[in-house]
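S.K.: Handing you this structure, nothing more for now.
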Amino acid sequence: MRKLTVSLILALSALSGNANADALGLYVGGGVWDHDPVGSFGTDISGSSTIDMEKNLKYTGEKDSYMYAAFEHFVPLVPNVRVERATMGHTGTSSASIDFNGQNFNIGSPSEINLDTTDAILYWRLLDNWVNFDFGITARKLDADFIVGTETVAVSATIPMLYVAAQFDLPFTGLSVGADINTISYSDASYQDIRVRALYEMGVIGIELGLKTTTLELKGLDKVNADLEFKGMMIGAFLHF
């Protein structure tokens with residue numbers, strides 16, 4: 001019985017180690033996201049006075065940057081770590097008389113929206129072969145500014161999110177396809193990022209091309225009522241040591 005117990009512990013330890021990561025790895029990368037806006041926001045919590053980003057503010061496609069670093073290891077039960085920073089913003093001018101934060105603004109008033117995020121992700125690799133599957137948690141620091149005319153409403157919050165990622169490697173090609181999601185939903189807000197992408201690695205250098213969609217719903221967080229979606233292509237490069 002003792003030999004069986006020891007053997008079982010050793011086997012579980014080996015499986016846990018293989019599931020986390022098969023070697024030390026460091027990723028450093030970044031790129032550009034070309035996104036289009038859909039949706040509306042306002043400071044009237046009833047939702048009766050919202051501002052449409054396309055119709056009322058003439059927001060169109062914008063390009064913003066992202067960068068990240070990730071460290072993976074083979075230590076059982078200890079999570080891998082990924083840190084990611086992304087900026088996103090749109091500017092325009094009002095095409096109608098609009099109300100925001102208790103003030104009325106005429107046609108031609110400037111407007112701007114900024115949604116900057118910093119993610120700290122702790123994740124475990126549950127599968128690690130030609131199919132990789134990661135599961136973890138994200139602490140997202142959201143810094144957002146909603147600006148119309150002379151009025152600015154800022155939103156600053158740290159949001160816990162569920163993180164899930166999968167990647168499928170095509171043997172002997174350097175190619176892989178994958179997807180990841182950060183998501184949270186509760187009574188006053190929902191927030192979700194979905195990325196689907198193809199990657200190609202040659203030595204320590206890699207490139208990625210994909211599609212990213214971000215949706216954000218707020219109900220009274222720091223006075224903001226919002227229903228937003230941003231979607232578009234992303235392209236980037238990374239180093240894998």
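The values are calculated or read from the model by the stated rules, or taken from the named source; none is laboratory data. Treat the numbers as computed from the prediction; the structure is a model and nothing was measured. Ideal geometry is used to build each Cβ from the backbone, glycine not excepted, and the neighbour counts take in all protein chains shown.
S.K.: Filter region 40-65 for residues that are modelled with pLDDT of 85 or more and of a type in the set (A, V, I, L, M, F, W, C); which is surrounded by the fewest Cβ atoms within 10 Å (Cβ to Cβ)?
M.R.: Going through the qualifying residues, I end up with Phe41.
S.K.: From the list Arg125, Arg140, pick out the single residue that is under 28 Å from Asp36 (Cβ atoms), of a type outside the set (A, V, I, L, M) and assigned to a strand (DSSP E or B).
M.R.: Just a single option satisfies the conditions, and that option is Arg140.
S.K.: Looking at Leu211, Leu228, Leu175, Leu218, which one is among the hydrophobic types (A, V, I, L, M, F, W, C), out of contact with any helix residue (DSSP H, G or I) (no Cβ under 8 Å at 6 or more places or on another chain) and farther than 21 Å from Met88 by Cα?
M.R.: Residue meeting the stated conditions: Leu175.
S.K.: To continue, here is another question. For region 100-130: of the residues being at pLDDT 95 or above and of a type in the set (Val, Ile, Thr), which is farthest from Leu162 (Cα to Cα)?
M.R.: The qualifying residue farthest from Leu162 (Cα to Cα) is Ile113.
S.K.: Could you list, in sequence order, the residues of region 51-76 that are aliphatic (A, V, I, L, M), closer than 29 Å to Phe238 by Cβ and either assigned to a strand (DSSP E or B) or touching a strand residue (DSSP E or B) at 6+ places or on another chain (Cβ under 8 Å) (or both)?
M.R.: Initially, region 51-76 is screened for residues aliphatic (A, V, I, L, M), giving 51, 53, 57, 67, 69-70, 75.
Going one step further and asking which of them are closer than 29 Å to Phe238 by Cβ, we end up with 67, 69-70, 75.
Passing the criteria: Met67, Ala69, Ala70.
S.K.: Being assigned to a strand (DSSP E or B) and either over 15 Å from Ile51 (Cβ atoms) or of a type in the set (Asp, Glu) (or both) narrows it down to one of Val164, Val153, so name that one.
M.R.: Selected residue: Val164, the only one of Val164, Val153 that is assigned to a strand (DSSP E or B) and either over 15 Å from Ile51 (Cβ atoms) or of a type in the set (Asp, Glu) (or both).
S.K.: Limited to region 83-108, what total is found for residues that are part of a loop (DSSP other than H, G, I, E, B) and either under 24 Å from Gly61 (Cβ atoms) or free of Cβ contacts under 8 Å to residues at least 24 places away in the same chain (or both)?
M.R.: So the answer is 9.
S.K.: Can you pull out every residue in region 142-177 that is surrounded by 14 or more Cβ atoms within 10 Å (Cβ to Cβ) and within 18 Å of Gly220 (Cα to Cα)? Explain how you work it out, then say what you get.
M.R.: Of the residues in region 142-177, the ones surrounded by 14 or more Cβ atoms within 10 Å (Cβ to Cβ) are 142-149, 151, 153, 155, 157, 159, 161-167, 169, 176-177.
Selection gives Leu142, Asp143, Ala144, Asp145, Phe146, Ile147, Val148, Glu151, Val153, Val155, Ala157, Ile159.
S.K.: Based on what the data block shows, is Asn80 exposed (fewer than 14 other Cβ atoms within 10 Å of the Cβ), over 21 Å from Asp145 (Cβ atoms) and either in contact (Cβ under 8 Å) with a residue 40 or more places away in the chain or not acidic (Asp, Glu) (or both)?
M.R.: Criteria not met by Asn80.
S.K.: Taking region 108-125, which residues are farther than 18 Å from Thr215 by Cα, aliphatic (A, V, I, L, M) and touching a Gly at 6+ places or on another chain (Cβ under 9 Å)?
M.R.: Ile121, Leu122, listed by residue number.
S.K.: Could I ask something else about it? Considering only residues of region 83-107 that are charged (D, E, K, R) and within 30 Å of Glu208 (Cβ to Cβ), which is surrounded by the fewest Cβ atoms within 10 Å (Cβ to Cβ)?
M.R.: Looking only at region 83-107, we keep the residues that are charged (D, E, K, R), and these are 84-85, 99.
Narrowing the set further to residues that are within 30 Å of Glu208 (Cβ to Cβ) leaves 84-85.
On the way: Glu84: 20, Arg85: 15.
The selected residue is Arg85.
S.K.: So, one more: Could you list, in sequence order, the residues of region 203-241 that are of a type in the set (S, T, N, Q) and under 20 Å from Asp64 (Cα atoms)?
M.R.: Thr213, Thr214, Thr215 - these are the residues of region 203-241 that are of a type in the set (S, T, N, Q) and under 20 Å from Asp64 (Cα atoms).
S.K.: Could you tell me whether Val75 is in contact with a helix residue (DSSP H, G or I) (Cβ under 8 Å, 6 or more places away or on another chain) and either on the phi < 0 side of the Ramachandran plot or at pLDDT below 95 (or both)?
M.R.: So Val75 passes the test.
S.K.: Only residues that are in contact (Cβ under 8 Å) with a residue 40 or more places away in the chain and in contact with a Leu (Cβ under 7 Å, 6 or more places away or on another chain): list them for region 184-233, please.
M.R.: Of all residues in region 184-233, those in contact (Cβ under 8 Å) with a residue 40 or more places away in the chain come to 191, 206, 208, 212, 214, 216, 218-233.
Across region 184-233, the qualifying residues are Tyr191, Gly206, Glu208, Leu216, Val224, Asn225, Ala226, Leu228, Met233.
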